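Notes follow once the structure below has been shown.
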Amino acid sequence: DARHAWLGLGNLSKIETSNPLDAPEFKGVPMHERLISLMMRPEYLAWTTETIFGFQCHPFQGVILNELWTKPFPMLVASRGASKSTLFGVYALLRALLSQGSKVLIVGSAFRQAKGVFEHCAYFWNNSPLLRNLVGDGSKQGPRFEVDRCQMTVGDSTITAIPLGNGEKIRGIRSSHLLIDEFKSVPLDIVENVVFGFAAVAASPLEKVKDEAYKQFLKQQGVWIPEM
C-alpha cells in the first residue's frame, strides 16, 4: 500500500501480524478493558498518543517513548529538529494521564527551555477533546501560565515547569518524575545538589513505606523472593 511506503517495510502483504486485542489473555474480557490495558503498555504508547492526542508518532518516536517510560535514568541525545521537546511534552502528558497521582516536573537552566516543553503539553491539551473528557474539563484542570512557573492539572496528576537559575529559590520542590531539558546547559553542582533532590519522593510515599516494611518482614521470615 503506497500510503504506508514511508514506513520502509516493503511489501506489507508478506508481513505476518496478529491482533493483540484477540490475545488469549483477553479471553472473556470486555473490549473496553482490552483497549485500556493495551493503551497503558509501553510498547503501545505511540498508538495511545495518536488515539488520545491526535499526534501520529514516527516509529523512532515510539521507541523513544518506550525508553523514557521503562528506563530509570534515560538520556535523549538527538540532533536539532528531532522533536525532543515535543516528545518530552507527549511523555509528560502520558505519564500524568496513565499514572494518576504523578507529579511531573520539567526543569531547564532558563525558563524559556522548561516553558517550551510545557507549551507542547498545553497544545495537546487544547487540541484533544478526548483527553479533556477523560479527566474532566473543569476550572481546576488544564494548563496555567504564571510569572515564575507553568502548571497543569491532569486528573489527580500535575505537570510543572520551572527555571533552575542558581537553584537557591526552588529548593523543597518534589516530583515523582523529573525531566531536564538541555541537560548539558545545567551546571553539574546544581544537578547533584538541587535537581536530583526533586525526585526524592514516590508518587505514593505511604504505599512505598508499606511495601518496604513488607519486604523487610519477608526477609526476616526467610521467605523473601527478589522477584516478588
What's the total number of residues in the range 103-123 that are among the aromatic types (Phe, Trp, Tyr) and under 15 Å from LEU179 (Cβ atoms)?
2
The residue that is surrounded by the most Cβ atoms within 10 Å (Cβ to Cβ), considering only those in the range 47-58 that are in contact with a Phe, Trp or Tyr (Cβ under 9 Å, 6 or more places away or on another chain) and part of a helix (DSSP H, G or I), is THR49
Sort through PHE88, PHE73, PHE145 and tell me the only one that's of a type in the set (A, V, I, L, M, F, W, C), without any contact (Cβ under 8 Å) to a residue 40 or more places away in the chain and closer than 11 Å to LEU179 by Cα.
PHE73
Say we look at the range 100-130 and pick out the residues that are open to solvent by 30 Å² or more (accessible area, probe 1.4 Å) and among the polar types (S, T, N, Q); which of these is farthest from ILE162 (Cα to Cα)?
ASN127
Give the residue that is nearest to SER79 (Cα to Cα), with candidates limited to residues of the range 172-192 that are in contact with a Lys or Arg (Cβ under 7 Å, 6 or more places away or on another chain) and modelled with pLDDT of 80 or more.
HIS177
Suppose we filter the range 1-43 for residues that are among the aromatic types (Phe, Trp, Tyr) and either surrounded by 10 or more Cβ atoms within 10 Å (Cβ to Cβ) or more than 20 Å from CYS57 (Cβ to Cβ) (or both); how many remain?
1
Please report, ordered by residue number, the strands (runs of 3 or more DSSP E) entirely within the range 59-169 with at least 1 residues that are in contact with a helix residue (DSSP H, G or I) (Cβ under 7 Å, 6 or more places away or on another chain) and at positive phi.
142-145
Among the residues listed as SER18, SER37, the single one being farther than 21 Å from ALA92 by Cβ, assigned to a loop (DSSP other than H, G, I, E, B), without any contact (Cβ under 8 Å) to a residue 24 or more places away in the chain and among the polar types (S, T, N, Q)
SER18
Name the residues in the range 59-71 that are open to solvent by 60 Å² or more (accessible area, probe 1.4 Å) and closer than 24 Å to ALA5 by Cβ, would you?
PRO59, PHE60, VAL63
Just one of the numbered conditions (1) farther than 29 Å from PHE88 by Cα; (2) touching a residue at least 60 places away in the same chain (Cβ under 8 Å) is not true of PHE55; which one?
(1)
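The values are calculated or read from the model by the stated rules, or taken from the named source; none is laboratory data. The structure displayed is predicted, hence computed values, not measured ones. Quick reminder, even Gly has a Cβ in these numbers, built from the backbone with ideal geometry, and neighbours come from all protein chains shown. The accessibility values were calculated without ligands, DNA or RNA, using every heavy atom of the protein model including side chains. Shrake-Rupley method; radii C 1.70, N 1.55, O 1.52, S 1.80 Å.
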